[in-house]
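K.L.:
Sharing a structure here in structure tokens format.
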Amino acid sequence: ALLPILAYPDPRLRTIAQPVAVVDETIKTLIDDMFETMYDARGIGLAATQVDRHVQVIVMDLARDGEEPQPQVFINPTITPLTDETKPYQEGCLSVPEVYDEVERPARVKIDALDRDGKPFSIDADELLAVCIQHEMDHLNGKLFVDYLSTLKQSRARDKVKKVLKAREKR
Ligand SMILES: O=C(O)C[C@@H](Cc1ccccc1)C(=O)SCC(=O)c1ccccc1
Ligand SMILES: [Zn+2]
């Protein structure tokens, strides 16, 4: 089912997600609903926090339109930077629609997580995967990419989101 995506500055986006104790049917249904919601919103990632479910679940698909989908699931993820080098990237967020700005993050990270069957795995990530997993991990910790921007840019982002949501209501 399509789930409503919380929009900045909704305070529920600031909730800290709890670890998943058992990867049961409710979690598997949540994962399916998160993928449906992410694809419908044309995103490349989605954290459970964004759909008001406060558990440590992230879905991602970095494949471009027309390419074979590459769905990825990260349950109870932890991230360890693999380098002190940071890289800027023009980020966006489904909870801060039509706002894009540059954020600096560690260039390469190690991700430890459980997959959709509850099996542990580790991957070293760079480029867009590193950017996206850190952006999603922030969501699980109640953080948004706009928090890294100036107060002026944050105020402009709030105004922009209000405008975008108003325009969507009319459609
Ligand atoms: O809000 C989210 O978590 C989804 C977000 C993930 C993300 C995109 C880009 C950089 C970091 C994290 C999005 O999918 S935004 C929409 C999008 O597809 C996109 C935006 C900018 C660059 C690349 C993709
Ligand atoms: Zn986001």
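K.L.:
By per-residue mean of other Cβ atoms within 10 Å, what is the highest-first order of 37-49, 3-15?
P.N.:
37-49, 3-15
K.L.:
In angstroms, what radius of gyration and Dmax does the stretch 76-116 have, counting Cα atoms only?
P.N.:
13.0, 32
K.L.:
Run the 1.4 Å probe and let me know the accessible area of S150, rounded to the nearest 10 Å².
P.N.:
60
K.L.:
Ok, one more. Whenever you get a sec, compute what percent of the accessible area on the chain sits on carbon and sulfur atoms (1.4 Å probe).
P.N.:
Taking all protein chains in place, the chain shows 52 percent carbon and sulfur surface.
K.L.:
To continue, here is another question. With springs only between Cα atoms under 10 Å apart, run a GNM on the chain and tell me which of P69, P88, P77 wobbles the most.
P.N.:
In the Gaussian network model the winner is P69.
K.L.:
Students often forget the sequence filter, so: which lysines lie under 18 Å Cα-Cα from K170 once same-chain residues fewer than 8 apart are removed?
P.N.:
Within reach: K160, K162.
K.L.:
Only helical DSSP H runs with n ≥ 4 go in: add -39500 (n - 2.57) per run for the chain, normalise by residue count and round the 222 nm mean residue ellipticity to 500 deg cm²/dmol.
P.N.:
After summing the helix terms and dividing by residue count, I get -10000 deg cm²/dmol.
K.L.:
Give the separation of the Cα centroids, the stretch 132-171 to the stretch 82-101, in Å.
P.N.:
Answer, in whole Å: 11.
K.L.:
Which values of log₁₀ I(q)/I(0), to two decimal places, follow from the Debye formula for the stretch 11-92 at q = 0.11 Å⁻¹ with a uniform point scatterer at every Cα?
P.N.:
Each listed q corresponds, in turn, to -0.35.
K.L.:
Over the alpha carbons of the stretch 52-149, what is the largest minus smallest coordinate on each principal axis, giving the biggest first in Å?
P.N.:
36, 31, 30
K.L.:
Hey, can you grab everything whose amide H is under 5 Å from the amide H of G45? Only 5+ residues off in sequence or another chain; H modelled, so Pro and N-termini drop out.
P.N.:
D61
K.L.:
Still on this model: What are the ³J(HN,Hα) values, in whole Hz, obtained from phi via the Karplus relation 6.51 cos²θ - 1.76 cosθ + 1.60 with θ = phi - 60°, for each residue of the stretch 66-71 in sequence order, with x given for Gly and Pro?
P.N.:
x, 7, 4, x, 10, x
K.L.:
Hey, another quick one. Using the Karplus equation 6.51 cos²θ - 1.76 cosθ + 1.60 (θ = phi - 60°), what ³J(HN,Hα) coupling, rounded to whole Hz, does each residue of the stretch 162-171 give in order, writing x for Gly and Pro?
P.N.:
Along the stretch 162-171, the couplings run 4, 5, 5, 5, 5, 4, 5, 4, 5, 5 Hz.
K.L.:
So, one more: Write down Rg/Rh for the stretch 108-171, rounded to two decimals, with Rg from the C-alpha atoms and Rh from the Kirkwood relation over Cα pairs.
P.N.:
1.15
K.L.:
Could I ask something else about it? Can you give the log10 of the normalised intensity I(q)/I(0) at q = 0.10, 0.20 Å⁻¹, computed with Debye over equal Cα scatterers of the chain?
P.N.:
-0.36, -1.49
The values are calculated or read from the model by the stated rules, or taken from the named source; none is laboratory data. Bear in mind the structure is a predicted one, so any value in this text is a computation, not a measurement. Cβ coordinates were reconstructed from backbone atoms using ideal geometry, including for glycine residues, and neighbour counts include every protein chain displayed. Accessible surface areas use protein heavy atoms only, side chains included; no ligands, DNA or RNA. Shrake-Rupley method; radii C 1.70, N 1.55, O 1.52, S 1.80 Å.
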